[in-house]
Amino acid sequence: ELKVEQNPLFLSMQEGKNYTIYCNYSTTSDRLYWYRQDPGKSLESLFVLLSNGAVKQEGRLMASLDTKARLSTLHITAAVHDLSATYFCAAPDTGTASKLTFGTGTRLQVTL
Amino acid sequence: DAGVIQSPRHEVTEMGQEVTLRCKPISGHDYLFWYRQTMMRGLELLIYFNNNVPIDDSGMPEDRFSAKMPNASFSTLKIQPSEPRDSAVYFCASSLHPRSNYGYTFGSGTRLTVV
């Protein structure tokens, strides 16, 4: 059974600081997804990482994938308050690749 | 496209009542997923469909839960009878083939409270 673990579960950081969220998954996968969820809202797709070594950047967020280490990272550069949200990574089932297993989520709080 | 549309947004019901949640996927998406989100258990996949056919319902918690997809533009998740522990946010999501480059698109969710 695929397991997806994120750490930290909760992250409080000051504006302007840098930090990284880690996502480990237990079985081989060639792709990884990142989502953002604001309180009381739905999940919004951030990044789709499609191969080993993939790196994608959007604004102050950069995501990367290392399929050999079964690790993805979401790096936050010079955090701003608007980035406060919960971030989820998700990996596809290795059998059918039809369904995603989500991590526990990392709740990010950026303080002024 | 209006995205994935779920209704109702909020539902409050008494224990023992039947609850029906509805979902309209994005047109052209072949896959539809029902997830449940709680603080304790996070996001759990309940069931998913491919071309209106249920493929994997192993996440459905018990016989009180059932889901249907009578056509490509409509799905329901029914709980009968409902219990307080069913209180959660239920999300519907749809996608093209899962190995496409876009992942899932989620609906806005239905917040269910069973009292």
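The values are calculated or read from the model by the stated rules, or taken from the named source; none is laboratory data. This is a predicted model, so every value here is computed, not measured. Cβ placement follows ideal geometry from the backbone for every residue including glycine, while neighbour counts extend to all protein chains displayed.
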* Qualifying residue in segment B:95-106 (condition: within 27 Å of residue B:39 (Cα to Cα), of a type in the set (D, E, K, R), at pLDDT below 95 and loosely packed, with under 14 Cβ neighbours inside 10 Å) -> no
* Just name the residue that is nearest to the other protein chains (Cβ to nearest Cβ) out of those in segment A:18-40 that are modelled with pLDDT of 95 or more and in a loop (DSSP other than H, G, I, E, B). => A:38
* Out of all the residues in segment A:76-91, which are buried (at least 20 other Cβ atoms within 10 Å of the Cβ) and in a loop (DSSP other than H, G, I, E, B)? -> A:79
* Inside segment B:93-115, can you point out the residues that are facing another protein chain (nearest Cβ under 9 Å) and β-branched (Val, Ile, Thr)? -> B:105
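Answer with yes or no whether residue A:104 is in contact (Cβ under 8 Å) with a residue 12 or more places away in the chain, in a loop (DSSP other than H, G, I, E, B), within 14 Å of chain B (Cβ to nearest Cβ) and within 11 Å of the chain's Cα centre (by Cα).
yes
Would you please name the residue that is nearest to the other protein chains (Cβ to nearest Cβ), looking only at residues in segment B:47-64 that are buried (at least 20 other Cβ atoms within 10 Å of the Cβ) and touching a Leu at 6+ places or on another chain (Cβ under 7 Å)?
From segment B:47-64, those buried (at least 20 other Cβ atoms within 10 Å of the Cβ) are B:47-49; that's our starting set.
Next, from what is left, pick out any that are touching a Leu at 6+ places or on another chain (Cβ under 7 Å): B:48-49.
Numbers: B:48: 6, B:49: 10 Å.
For segment B:47-64, the residue satisfying everything is B:48.
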* For segment B:22-30, does any single residue satisfy the condition of being touching a helix residue (DSSP H, G or I) at 6+ places or on another chain (Cβ under 8 Å) and in contact (Cβ under 8 Å) with a residue 12 or more places away in the chain? -> no
* Would you say residue A:45 is outside any loop (DSSP other than H, G, I, E, B), touching an Asp or Glu at 6+ places or on another chain (Cβ under 8 Å), under 27 Å from residue B:38 (Cβ atoms) and among the polar types (S, T, N, Q)? -> no
* Sort out for me the strands (runs of 3 or more DSSP E) sitting completely within segment B:40-100 that have 3 or more residues that are free of Cβ contacts under 8 Å to residues at least 40 places away in the same chain. => B:42-50, B:53-56, B:65-71
* **Neighbours by Cβ (under 9 Å, 6+ apart or cross-chain): first from segment A:52-69, at positive phi; second of a type outside the set (Asp, Glu)** => A:53/A:64; A:53/A:65; A:53/A:67; A:59/A:77; A:59/A:83
* To do: Run down A:94, A:73 and say which single residue is polar (S, T, N, Q), assigned to a strand (DSSP E or B) and more than 11 Å from chain B (Cβ to nearest Cβ).
  => A:73
